[in-house]
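Okay, structure first, notes after.
Since every read-out is calculated from the coordinates, none of them should be taken as a lab result. This structure is a prediction, so every number in the text was calculated from the model and none was measured. Because the Cβ atoms are built from the backbone with ideal geometry, glycine has one as well, and the counts that use them run over all protein chains shown.
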Amino acid sequence: MSKGVLLVNLGSPESTDPKDVKKYLDEFLMDERVIDVPYWARVLLVRGIVLNTRPKKSAEAYKKIWWEEGSPLIVLSERLQSKIDDLTSVPIALAMRYGKPSIMEGLQELHDKGVNEVLLFPLYPQFAMATTETILVLAEELRQKHFPQMQFTTVPPFYNHPDYIRVLAESISESLKGKDFQHLLFSYHGVPERHIRKSDITKSHCKIDGSCCQTPSEAHQFCYRHQCFETTRLVAEYLELKENSYSVSFQSRLGFDPWLQPYTDRTIERFGKQGMKKLAIVTPAFVSDCLETLEEIAMEGEEIFHEVGGEDFNVVACLNDRDDWVKILSRWIDEWAYQKAVEV
């Protein structure tokens, strides 16, 4: 069997033109694992309301963070791919769940190189319906339709892997070295509460009641909320953070249904109103900086903090293409390629 790897990230519009942003948002928001309502209701909400108002606003946000080379998320993902490619002999392809390069294009690239055993590598530390699951479902649909001879192996969520925890913790330590801050906020991408319950394989454990995430259960292997808290706990332990010097929040909510709380924007506002002057923030749900980190947190978050009296707002960059992160990913890939299994 000839082996290859497909790295998959979220995706980005092709440009900051509202037409490209609208096209991207349509693909993203029409995904039944992102907005999990009946198709007719999704069409009514997305194409009848959201896409008539949001693309222009989103395009302005993308313009704020767009690089000369293109979308930061795409550019950083390409850099990551290139560096991994330099460290391993296994063919490495890059794909995005939404936009280009598509998963179909990534699989085709590997197929054209003679690859028939693929390591699917969702670039998400924590499992969620709207991230890992939607990648795996689409990839399998494409495999069955276009590449029936291919075999897939999937890298499981690595939210608690010692290698990941170490490099994430060290990136935080390096970023904040010499900086005085009163609190470290771990901000994760938000999801609707119903996604947590839908992902509960026990159908009874996930109550989002303040204790279920700390109570051992097989449900945790697919529980985004638990995995976010566990990443935070392990990083805090590694960095020897004092109790009450750090906390968790969730960003990027959409619509009026209950989403995971506390909300990041309101948490930042609350800290400022309580007199906090120096805040640091890290976004461990993302491995690549993107609109949600560069604009929503580093720009909007800082503006909120300053408006309520805050002074120093330090944002820790995502892992991006850090050399130590690249080495870890390359080693995991080689373990799979040469030892038949990924030790994750």
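So here's what we get for this one:
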item	result
ASP334-GLU14 FRET efficiency (beta carbon distance; Förster radius 45 Å; 0.05 resolution)	0.85
Segment LEU254-GLN182, extension gain: residue separation times 0.36 nm, minus the distance between their alpha carbons	22.9 nm
In the range 1-106, GluC sites (Glu not before Pro) in a DSSP loop with at most 12 other beta-carbon atoms within 10 Å	GLU68, GLU69
Full-extension gain in nm, GLU193 to ASP26, via 0.36 nm per residue minus C-alpha separation	57.9 nm
Simple Cβ-charge dipole of the chain, Lys/Arg +1 and Asp/Glu -1, about Cα centre, in debye nearest 20	800 debye
Translational D in µm²/s for the range 156-199 (Stokes-Einstein at 37 °C, 0.692 mPa s, Kirkwood Rh from C-alpha pairs)	248 µm²/s
Length added when fully stretched, THR202-GLU69, from 0.36 nm per residue minus Cα-Cα	43.3 nm
Along the chain, longest interval not containing exposed trypsin sites (Lys or Arg not before Pro), exposed being DSSP loop plus at most 16 other Cβ atoms within 10 Å	1-112
P(r) weight above 16 Å for the range 196-257, C-alpha pairs, percent	52 percent
The chain: radius of gyration and largest Cα-Cα distance (Dmax), Å	19.9, 61
Charge dipole (debye, nearest 20) of the range 162-315; +1 at Cβ of Lys and Arg, -1 at Cβ of Asp and Glu	580 debye
Of GLN126, LEU107, GLN81, farthest towards positive along the dipole that unit charges on Lys, Arg, Asp, Glu beta carbons give the range 78-227	GLN126
In the range 162-315, lysine pairs with alpha-carbon atoms under 18 angstrom apart (chain gap of 8 or more, or interchain)	8
Label-point separation, ASP324 to LYS273 (7 Å along Cα→Cβ), nm	3.8 nm
Helix-only CD estimate at 222 nm, as mean residue ellipticity for the chain, using -39500 (n - 2.57) per DSSP H run (n ≥ 4)	-13000 deg cm²/dmol
Estimated FRET transfer efficiency (THR153, SER82; beta-carbon r; R0 22 Å; 0.05)	0.45
Intensity falloff of the range 36-95 expressed as log10 I(q)/I(0), Debye formula with alpha-carbon point scatterers, at q = 0.18, 0.23 Å⁻¹	-0.78, -0.88
Net charge of Cβ neighbours under 14 Å - reference GLN227; Lys, Arg +1; Asp, Glu -1	-2
The chain, relative contact order in percent, only Cα pairs under 8 angstrom and at least six apart counted	21 percent
Rounded Å value of the spacing that divides the Cα centres of the range 281-324 and the range 111-162	28 Å
Rh by Kirkwood over Cα pairs, then Stokes-Einstein D for the range 162-315 at 1.002 mPa s and 20 °C, µm²/s	132 µm²/s
In the range 158-250, GluC sites (Glu not before Pro) in a DSSP loop with at most 14 other beta-carbon atoms within 10 Å	GLU240, GLU243
Cβ-based charge dipole, the chain, positive-most Cα from VAL287, VAL315, PRO18	PRO18
Computed magnitude of the charge dipole of the range 230-344 (debye, nearest 20; Cβ of K, R +1, Cβ of D, E -1)	340 debye
